[in-house]
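Okay, structure first, notes after.
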Amino acid sequence: MGEILLTMRGICKSFPGVKALNNVDFTLRAGEIHALMGENGAGKSTLIKVLTGVYPKDTGEISVEGQPIAIHSPQDAQKNGIATVYQEITLCPNLTVAENMFIGRNENLVVDWGKMVKRSDELLKNLGIPARPKQQLGSCSIAVQQMVAIARAVDMNCKVLILDEPTSSLDDKEVEMLFSLMRDLKSRGVGIIFVTHFLEQVYAVSDRITVLRNGELVGEYVVEELPQVELVAKMMGKELEGLSDLDKNRGKSSAAGESLYEAENLSSSEAKPFDFQIAKGEVNGFTGLLGSGRSESVRAIFAADKVTGGKVRMKGKQLNINTPYQAMKAGIGYLPEDRKRDGIIADLSVRENIILALQVMKGFFHPMSKAQMSGFADEYIRALEIKTASQDTPVGSLSGGNQQKVILARWLLTHPEYLILDEPTRGIDVGTKTEIQRLVLKLAEEGMSITFISSEIEEMLRTCSRLIVMRDRKIVGELKGEELTQSNVMRTIAGGGKENA
Amino acid sequence: MTANSVSTNEAITARRREPVSNATLLTCISIGIFLTMYIVAIITLKGGFTKPQQVFDILNNNAHLIIIACALTIVMINGSIDISVAGVVALVSMVSVMFLKGRLWPAEGMSDGVRVALAACIAVGIGLMFGLVQGTLIAYLDIQPFIVTLAGMFFARGMITIVSAEPLQLTVSNEPGILTIVQHRIEMMFLGSPNKKGVIIPARMEVGVIAALLVVVIIAVILRKTRLGRHFYAVGGNRQSALTLGINVKRTRFQAHLISSLLAGIAGFVFMMHNVSGNATNATAGEMDAIASSIIGGTLLSGGVGNVIGTFFGVMILATIKLIVVASGLREPWWQTITTGAMLCFFILLQSVVLSRRGHKMKLPPWLKLTKG
């Protein structure tokens, strides 16, 4: 391991109402691959953005090779040898590979194509990147495009290379290609900061791991000294030994009723093929770290992403579910993860938002009467105790928890047999959280099947009778009954748990 | 690592020819279609099509359109749009006719040559002014280009009537000297053809055509060979990426609109040289013809793809199709409009089919295929 290349000391960064980074230290040595890990909201991306000059820091200092530096813009960062390759490709697909490596770098007024192609050819060969200089960038695979971006950074003499989620859209072979390039750069003395959600990839290439949680530094570890289970525990903020396995007295709704929904090898543009089934009146859940594919899986069930294969049976009858509309017709409801983007229509009134799904089901040529709509809206505002001034209030002015209840009301109104709730309790207060949990259990008792996703394990353990555990886009285990404990869930996520029966 | 280097070296040492890029392919298609169309016209319709003068007539009548189509190609590559060009053409032609008639200010004691040169400077000046204002609004104040240039178009058309309410015309009786300069024609004996009496009439080309062809060549070189040109493509391809790659996106967009309006000014003067008149209805809907020509020549409205050689042939295709329609006996003007529409539709369909097919595994000859690297 080389000498210290980059140090960040006591970095603090606040946004209105949130302390995103609190006194975080980070050290990068020359010739190492340093993984930056943390769950959603841990402060990884804020730290990266402070380092690349996207956000100004509040306090703290950054130095490169012992020299304190000031970074006010991405250009400053580049001048100091800090280069970033983002998850989304930030190159121009309509230009050639060679152009993408040299454009915007103080070129001469007249482009010397011959020299440019020659230099990029040398660089590509040198780094072993399978691209041709005159090839259009858009015709390269995403992995190669990413490598071209890395080559550009290398040619700009970067000392610190930040790879922000580089592998999230690559297949296994491409990941291996990227890793060999990373190892190659490492041997040339470049320090690489590797941000990813994939645990196995961290262990495959990294030398050190820095874990953040809730904007604070948890610690810096050498990879060999930190087993996967402990890493998961540190990311989630639970001590493995101290885990008390309470909550054994969960609802015994796990009694295997008749199967309601079954999927076999279901896959979508975002989710790898998986099998899944849920019984009538059952509450189950998908769990795993952020980016493990839990949301993608339920989106495939509802056909919110393009379904690419698999068989689906509802009550034993084979069905084609290729659009959300077909899913709704089949009796499936879905509460999306990001209610601001996918769920509520902020400018419409509470009533209109509640009626929305039912209106779609009925078709737009069968309008409902005003009285009928008000009736429905009133009924559910009372049933779910939605706190709103009137049914004409725009949903955007309600609190987060009440907005969530409005969406819930929207789906309950269509009387689905199977309801999928993706992070229904995120960003809402504790009181409403318990209300929603209680509601979920009550609906299940009435015979509705529910799939529940939450980042909080306790919540999942309290509500679900069966947990499907995912890691790196694959189902790695299934826990039920006595096995439902926090430590079991973590062990399974980390890869030491019970295999799928 | 070793496995990778082997496959890499294979890829590089194989040195197979790069597949043709989308832009080049689309250009080749439009050139091919132009040639086919023209040859078919020569064989089936005969008449004027057999004489070289026909080609020069097309060029003479459309020199201004070639220039504004080049302007549109630049802004479209840059991911923007400029619909003020034809308005600027009409305004410039009106102002320069007025100036040449001595109505803008009395021009006594000036030789005719100086007056024409001054008129050309005024034309370029008007174009520059439009470019400065529109470019600033679009690039630095980040206002929608469509809206800015729509306003520019209305402004230019309105200004024409303020400058002169009635149409103006340069006439032999009033401005004989100026007319001989402006309407100078280059005669090419070797391309001539005999008239009914058997006398060889030389092929005639206007000076404006040379200006138009020069514009095509210069813009082609700028787009291909200079930093500015490549930045146009980068910004049109992905504005956000261009920014992170270190390109001054605002300045690049400003420059595109500056060049576009400048070309519109030049086109206005060329139009005046051909038409020798100023009229509020001059070059009506010229911007639409220019957009259509660019698209037929392989420029994508979404930005990042296109070149002016294709645009030149786009103009030729549009003009030729109109001639063919007339020559086949459909003399009513709406037939030309309808065929233009149909043509445009056909080309866009062709483009999207070709582009989408290339991405797929289809049985295409290797030079047509876009292989993954």
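Quick check on this structure: which one of A:Gly427, A:Gly477 is modelled with pLDDT of 85 or more, of a type in the set (Gly, Ala, Ser) and within 22 Å of the chain's Cα centre (by Cα)?
Selected residue: A:Gly477, the only one of A:Gly427, A:Gly477 that is modelled with pLDDT of 85 or more, of a type in the set (Gly, Ala, Ser) and within 22 Å of the chain's Cα centre (by Cα).
Just the residues that are in a helix (DSSP H, G or I), over 24 Å from B:Leu100 (Cα atoms) and among the aliphatic types (A, V, I, L, M), please, taken from segment B:252-289.
Answer for segment B:252-289, where residues must be in a helix (DSSP H, G or I), over 24 Å from B:Leu100 (Cα atoms) and among the aliphatic types (A, V, I, L, M): B:Ala256, B:Leu258, B:Ile259, B:Met288.
Give me the residue from segment A:302-357 that is out of contact with any strand residue (DSSP E or B) (no Cβ under 7 Å at 6 or more places or on another chain) and of a type in the set (Lys, Arg) and, out of that set, nearest to A:Lys387 (Cα to Cα).
Filtering segment A:302-357 for residues that are out of contact with any strand residue (DSSP E or B) (no Cβ under 7 Å at 6 or more places or on another chain) and of a type in the set (Lys, Arg), the one nearest to A:Lys387 (Cα to Cα) comes out as A:Arg351.
Can you pull out every residue in segment A:114-134 that is within 8 Å of another protein chain (Cβ to nearest Cβ), more than 34 Å from the chain's Cα centre (by Cα) and either assigned to a loop (DSSP other than H, G, I, E, B) or under 23 Å from B:Ile222 (Cβ atoms) (or both)?
Applying the first criterion (within 8 Å of another protein chain (Cβ to nearest Cβ)) to segment A:114-134 yields A:121, A:124-125, A:128-132, A:134.
Subset that is more than 34 Å from the chain's Cα centre (by Cα): A:121, A:125, A:134.
Matches in segment A:114-134: A:Lys134 only.
Look at B:Ile218 and say whether it is more than 10 Å from chain A (Cβ to nearest Cβ) and either aromatic (Phe, Trp, Tyr) or surrounded by fewer than 23 Cβ atoms within 10 Å (Cβ to Cβ) (or both).
Taking the combined requirement at face value, the residue satisfies it.
I need every pair where a residue in segment B:18-38 that is farther than 10 Å from B:Gly297 by Cα and within 14 Å of chain A (Cβ to nearest Cβ) has its Cβ under 9 Å from the Cβ of a residue that is hydroxyl-bearing (Ser, Thr, Tyr) and outside any helix (DSSP H, G or I), sequence separation at least 6 or different chains.
B:Glu18/A:Thr96; B:Pro19/B:Thr371; B:Ser21/A:Thr96
If I filter segment A:407-423 for residues that are loosely packed, with under 13 Cβ neighbours inside 10 Å, within 30 Å of A:Phe286 (Cα to Cα) and touching an Asp or Glu at 6+ places or on another chain (Cβ under 8 Å), do I get at least one hit?
No, there is no match, as no residue in segment A:407-423 is loosely packed, with under 13 Cβ neighbours inside 10 Å, within 30 Å of A:Phe286 (Cα to Cα) and touching an Asp or Glu at 6+ places or on another chain (Cβ under 8 Å).
Those residues that are in contact with an Asp or Glu (Cβ under 8 Å, 6 or more places away or on another chain) and hydroxyl-bearing (Ser, Thr, Tyr), I need them from segment B:46-104; list them, please.
B:Ser84
Looking only at segment A:436-455, decide whether some residue is within 24 Å of the chain's Cα centre (by Cα), of a type outside the set (A, V, I, L, M, F, W, C) and surrounded by fewer than 21 Cβ atoms within 10 Å (Cβ to Cβ).
yes
Is it true that A:Pro74 is farther than 26 Å from A:Val202 by Cα, without any contact (Cβ under 8 Å) to a residue 24 or more places away in the chain and crowded, with 16+ Cβ neighbours inside 10 Å?
yes
With (1) of a type in the set (A, V, I, L, M, F, W, C); (2) within 30 Å of A:Met236 (Cβ to Cβ); (3) at pLDDT below 90; (4) surrounded by 22 or more Cβ atoms within 10 Å (Cβ to Cβ) as the list, and A:Val160 as the residue in question, which single condition is left unmet?
(3)
Go through A:Ile381, A:Ile354 for me and flag whichever is touching a residue at least 24 places away in the same chain (Cβ under 8 Å), touching a Leu at 6+ places or on another chain (Cβ under 7 Å), part of a helix (DSSP H, G or I) and under 26 Å from A:Ala327 (Cα atoms).
Testing whether each residue is touching a residue at least 24 places away in the same chain (Cβ under 8 Å), touching a Leu at 6+ places or on another chain (Cβ under 7 Å), part of a helix (DSSP H, G or I) and under 26 Å from A:Ala327 (Cα atoms) leaves just A:Ile354.
Would you confirm whether or not segment B:333-356 contains a residue that is surrounded by 15 or more Cβ atoms within 10 Å (Cβ to Cβ) and within 14 Å of chain A (Cβ to nearest Cβ)?
Among the residues of segment B:333-356, at least one is surrounded by 15 or more Cβ atoms within 10 Å (Cβ to Cβ) and within 14 Å of chain A (Cβ to nearest Cβ), which makes the answer yes.
Does B:Ile266 count as hydrophobic (A, V, I, L, M, F, W, C), away from chain A (no Cβ under 14 Å) and more than 30 Å from A:Pro74 (Cβ to Cβ)?
Here the answer is yes, as B:Ile266 does meet what is asked.
What's the total number of residues in segment A:135-150 that are more than 8 Å from chain B (Cβ to nearest Cβ) and either crowded, with 24+ Cβ neighbours inside 10 Å or among the β-branched types (Val, Ile, Thr) (or both)?
7
Output the number of residues of segment B:285-305 satisfying the condition of being more than 12 Å from the chain's Cα centre (by Cα) and either within 20 Å of B:Arg253 (Cα to Cα) or surrounded by fewer than 17 Cβ atoms within 10 Å (Cβ to Cβ) (or both).
So the count comes out to 7.
Can you tell me which condition B:Gln169 does not meet? The list is (1) more than 16 Å from B:Asn282 (Cα to Cα); (2) surrounded by fewer than 17 Cβ atoms within 10 Å (Cβ to Cβ); (3) not hydroxyl-bearing (Ser, Thr, Tyr), and all the others hold.
(1)
Among (1) surrounded by fewer than 18 Cβ atoms within 10 Å (Cβ to Cβ); (2) at pLDDT 90 or above, which single condition is A:Thr96 missing?
Of everything listed in (1) surrounded by fewer than 18 Cβ atoms within 10 Å (Cβ to Cβ); (2) at pLDDT 90 or above, A:Thr96 misses just condition (1).
Is it the case that A:Leu91 is out of contact with any strand residue (DSSP E or B) (no Cβ under 7 Å at 6 or more places or on another chain), at pLDDT 85 or above and either under 30 Å from A:Glu456 (Cβ atoms) or part of a loop (DSSP other than H, G, I, E, B) (or both)?
Taking the combined requirement at face value, the residue satisfies it.
The values are calculated or read from the model by the stated rules, or taken from the named source; none is laboratory data. For clarity, every value in this text was computed on a predicted model and none was experimentally measured. Cβ atoms come from the backbone with ideal geometry, glycine included; neighbour counts cover every protein chain shown.
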